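The values are calculated or read from the model by the stated rules, or taken from the named source; none is laboratory data. Worth saying up front: this structure is predicted, and the values here are computed from it rather than measured. Note that each Cβ is placed from the backbone with ideal geometry, even for glycine, and that neighbours are counted across all protein chains shown. Accessible surface is based on the protein model in full, side chains and every heavy atom, while ligands, DNA and RNA are left aside. Shrake-Rupley method; radii C 1.70, N 1.55, O 1.52, S 1.80 Å.
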Amino acid sequence: MSRARCGGPPAQSREEHQRRSTARAGGYPGAVPYLLHPDELHSLCPDEPPFRARQLRDWLYRKPALSVDSMTDLPPDLRDSIRHRLWPFSVDTEQTADRGATVKWLFRAPDGAAIEAVLMGYTDRATLCISSQVGCALACSFCATGQFGFERHLQAGEIVAQVAYARAHLRDVGLSRGPNRLTNVVFMGMGEPLANYDGVREAIRRMVEEMGMSPRRLTVSTVGLVPGMRRLAEEPWPLNLAVSLHAADDDLRSRLVPINRRYPLEAVEAAAAYFFTRTGRRISIEWTLIDGVNDTIAQAAALAPIARRLGAHVNVIPLNATPLSADRPSGHDAIDRFVGHLRSLDVNVTVRDTRGADIDAACGQLRARRSTAG
Ligand code: SAH
C-alpha cells in the first residue's frame, strides 16, 4: 500500500487543498477532521507515523462511529485531541417519528447555523435526506426553507458529515425498520444543491470515493438551475437527478418557483434531456401537489408530454403545510384524479409517503431556525 497519501497532497494541488481546508465559514476554531480534505488528515497528527492518518481516514469515511471511544486503534492522545471536534457540528435536537423508523437531526455549527437531516428506514433501504445550504435563496412559494431566506452555503465537510453521522447512528443505534446500513442519500433537505455546486460536488466525491457509496444511490434534487444540471451531466458519476417542476406552464411555474423566470420550462427540459443522454440515468420529476393550484386535469395533461419526452418518472409529493403560506394540500380525490389522469396518458407516477410530518421533518418543512444557542 502506498504511503504517499500520508505525506501530503501532490505539490501542484497543495494551494487548492489549503484553500479548501481553511474553515472560513462556520466559525470553526481549529482544524476539524471532516472540514479537511481527506489527503490532509496528517496535519492533525504531524508527529505520528503516516499510517495514523490512514486509520483516521478509515474511521471518518469507511466506518464512521459516533464517538472517538470506538476508535480503539488510535493512540489515546490523538483520540483526546479530536474528541470534541470529531463532528463539525453539535447535535441540537434528535427527534424520532413513525415509531422509530424516522429520525430527524438538527445539527448546529459553531456560528449558530442550523443543519437539518432526516433518516428514513424502509423494509429494504435506509434513505438519508441531507441539506446543502443553510436556508435557501430561491423562495419557492410553498417551501419553508425558502420562506426564511438564505444564510450560507454548507462546506463539503459539513455535507458529508451529515452522511457519516447517519451511518454511525445506523451502526451504533439503528432504526426500528430497515437495514442497519445507509443505502440511499437524497439532496432534498435545506437548500438548492446546484447553487452550492463546488461544495456539493466535493461532498459527492467523498461519498463515492472515500465512503464507497454507489452513485446510483445518490439523488441530487434541483429547482432547475440549468447551468448546474449541465455541469452535473459531465461529472464522472451515474447519479440520479430529480427536477422539481411543480407546474407545466411558465406562468404558473414562475409564480411557484420564481427562478423559472431565468430558467424557463423549455430550458429546464432541455437540460434534463441532456443529463439523461449523457448519463443514461432516468430523470425524476418532483411535483408538490397544492390544492386548487397545480392539481388540475389541465396541469396533468400539460405535464404528460414533458414526462414522456424525458422518459421521466413523476413523484407526486402532497404539500406539507408551512407557516408562512396559505397553500393547502390537495385532498385524496384530487390526488387520485391527478395521478389517474397521468397514468391514463402513459406516465409513470408514484405518490410519495409523508414521513416525519409530525416532527416537521417532511419535504419542504426543514428550515434554519434563528440561533438561540449563540
Ligand atoms: N432545492 C431542491 C431540493 C430541496 S427541496 C429542489 O427544489 O429540488 C426537495 C423537494 O421538496 C423539492 O421537490 C421541493 O419542491 C419539495 N418541497 C418543498 N417544499 C415542500 C412542501 N412544503 N411540501 C411538499 N414538498 C415540498
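If the chain between D250 and S344 were fully stretched, how many nm would it gain, using 0.36 nm times the residue separation less the Cα-Cα distance?
Roughly 31.4 nm would be gained on extension.
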Quiz item: Out of residues 5 or more away from D92 or on other chains, whose amide H comes under 5 Å of its own, with H placed 1.01 Å from N in the peptide plane?
Solution: L106, F107, R108
Self-check item: Relative contact order %, the chain, counting alpha carbon pairs below 8 Å whose residues are six or more apart
Solution: 15
Practice problem: Within 10 Å, count the other beta carbons around each residue, average over each peptide in 123-132, 247-256, 152-161, and list them highest first. | Solution: 152-161, 123-132, 247-256
Quiz item: Using unit Cβ charges (K, R positive; D, E negative) and no other charged atoms, how large, in debye to the nearest 20, is the dipole of segment 141-183 about its Cα centre?
Solution: 240
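For T72 and R352 in the same chain, what is the full-extension length gain: residue separation times 0.36 nm, less their Cα-Cα distance, in nm? List each step's numbers first, then the result.
Working: separation 280, 0.36 × 280 = 100.80 nm, distance 4.20 nm.
Stretched out fully, the T72 to R352 stretch lengthens by 96.6 nm.
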Quiz prompt | Heavy-atom accessible area per residue - segment 35-112, 1.4 Å, Å² | solution = 43
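Once R0 is set to 51 Å, what does the formula 1/(1 + (r/R0)^6) return for the Cβ-Cβ distance between D291 and E209, expressed as a FRET efficiency to the nearest 0.05?
About 0.70, to the nearest 0.05.
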Quiz item: Taking a ≥ b ≥ c as the square roots of the eigenvalues of the Cα gyration tensor of segment 227-374, is the shape rounded (a/c under 1.5), prolate (a/b larger than b/c) or oblate?
Solution: oblate
Quiz prompt | Heavy-atom accessible surface of the chain: percent carbon and sulfur, 1.4 Å | solution = 48
Quiz item: Taking R0 as 22 Å, what's the FRET efficiency between A301 and A267 from their Cβ-Cβ distance, rounded to 0.05?
Solution: 0.50
Quiz item: Among rounded, prolate and oblate, which fits segment 79-153 when a ≥ b ≥ c are the square roots of the eigenvalues of its C-alpha gyration tensor, a/c under 1.5 means rounded, and a/b larger than b/c means prolate?
Solution: oblate
Practice problem: Give the residue from T279, V347, G121 lying farthest towards the positive end of the charge dipole for the chain; charges sit on Cβ (+1 for Lys and Arg, -1 for Asp and Glu) and the dipole is referred to the Cα centre. | Solution: T279
Quiz item: How far apart, in nm, are two points set 7 Å out from the Cα along the Cα-to-Cβ line at H313 and at E234?
Solution: 2.9
Self-check item: Probe 1.4 Å, accessible area per residue of segment 173-246, Å²
Solution: 33
Quiz prompt | Within the chain, helix-based [θ] at 222 nm, where runs of 4 or more DSSP H residues each add -39,500 (n - 2.57), nearest 500 | solution = -8500 deg cm²/dmol
Quiz item: Lys/Arg Cβ at +1, Asp/Glu Cβ at -1, dipole of the chain taken about the Cα centre: which of L256, M188, L138 is farthest positive-ward?
Solution: M188
Quiz item: Is the shape of segment 139-208 best called rounded, prolate or oblate, per the rule: a/c under 1.5 gives rounded, else a/b larger than b/c gives prolate, else oblate, with a ≥ b ≥ c the square roots of the Cα gyration tensor eigenvalues?
Solution: oblate
